[in-house]
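Taking it in order: structure first as structure tokens, then the write-up.
The values are calculated or read from the model by the stated rules, or taken from the named source; none is laboratory data. Everything quoted here is computed from the prediction, not taken from an experiment. Cβ: placed from backbone, ideal geometry, glycine included. Neighbour counts: every protein chain shown.
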Amino acid sequence: METLKLKAEKREEIGGLAPKKAIYKDNKVPGIIYGGKDQPQPIYVQKNELLKIISNEGLFNSIVEIEIESKKENVVFKEVQKHPSKNVFTHIDLQRVVKGTQVTVTVPVVLKNQDNCYGVKMEGGVINHVCKEITVLSSPESIPESIEVDMEEIKTKENVRLSSLSLNEGYDFPTNLKEQDPVLVSVLTARGGTLDFEDEIAEDEEEGTEEGTEETTEGADEKPAEDNSSEDSGEKSE
């Protein structure tokens, strides 16, 4: 994977009006570098330099070599903050990449063979791309550019969950995400040109009701064990 490059300068003044002055008058964006054994380092990045690197689609799953006063270190972008109503970047968060440790990054979920998807081609279904990006835990040298899902054999009413993906060496998914096992993509049925959302929801609810009924019935068939202690006592007394 290509290493991106960025130049920055140390930020001495923290808080007050200094960051706002830097943003609106000096065309600089304040930020922070954290992680590893070193102390957090406040920085400024030139706005035009930031714009160049942000245009990269794989920014949040790429290693960035940042240079501060001739000192270079590798980081990953964790957050880019922007003013809600103005086209202005207000802050960036960067995490140090430490050799021998893993980093948490967000990568896109890419669908392969959509045109040959069985549910679309043979059954007239529609692909519903539920999760377009996913969090991975990876060593710096093994960060995947994307997570691919092969749609060729997926039929209508079928879901592709996180647990169905095969992992490569070097990265994994966070434990809490694996426990949630989210749906990444599904193929919806379509009738008369309209997606049949309501019918699928109704079927899911009906299946859930049937399962609940079966559990109740099984519980009703079980009878408590009879208490024969009194009979045993009577036999012994005789």
Query raised in the report: What about GLU79, is it exposed (fewer than 13 other Cβ atoms within 10 Å of the Cβ), assigned to a loop (DSSP other than H, G, I, E, B) and either free of Cβ contacts under 8 Å to residues at least 60 places away in the same chain or out of contact with any Cys (no Cβ under 7 Å at 6 or more places or on another chain) (or both)?
Result: no
Query raised in the report: So, of the residues in segment 133-169 that are at pLDDT 95 or above and of a type in the set (Lys, Arg), which turns out to be nearest to the chain's Cα centre (by Cα)?
Result: ARG161
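Taking the condition of being without any contact (Cβ under 8 Å) to a residue 40 or more places away in the chain, within 20 Å of LEU6 (Cα to Cα) and either out of contact with any helix residue (DSSP H, G or I) (no Cβ under 6 Å at 6 or more places or on another chain) or among the basic types (Lys, Arg) (or both), how many residues in segment 20-32 meet it? Walk me through it before giving the result.
The initial filter retains those residues of segment 20-32 that are without any contact (Cβ under 8 Å) to a residue 40 or more places away in the chain, namely 20-22, 25-28.
Those left that are additionally within 20 Å of LEU6 (Cα to Cα): 22, 26-28.
Filter again for either out of contact with any helix residue (DSSP H, G or I) (no Cβ under 6 Å at 6 or more places or on another chain) or among the basic types (Lys, Arg) (or both), leaving 22, 26, 28.
Total meeting the criteria: 3.
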Report task. Looking at (1) surrounded by 13 or more Cβ atoms within 10 Å (Cβ to Cβ); (2) under 27 Å from GLY100 (Cα atoms), find the lone condition where ASP38 falls short. Result -> (1)
Report summary line: Scanning segment 170-201 residue by residue, the ones that are at pLDDT below 55, part of a strand (DSSP E or B) and of a type outside the set (Ser, Thr, Tyr) total 1
**Report entry** Among (1) in contact (Cβ under 8 Å) with a residue 12 or more places away in the chain; (2) assigned to a strand (DSSP E or B), the one test that ASN56 misses
**Finding:** (2)
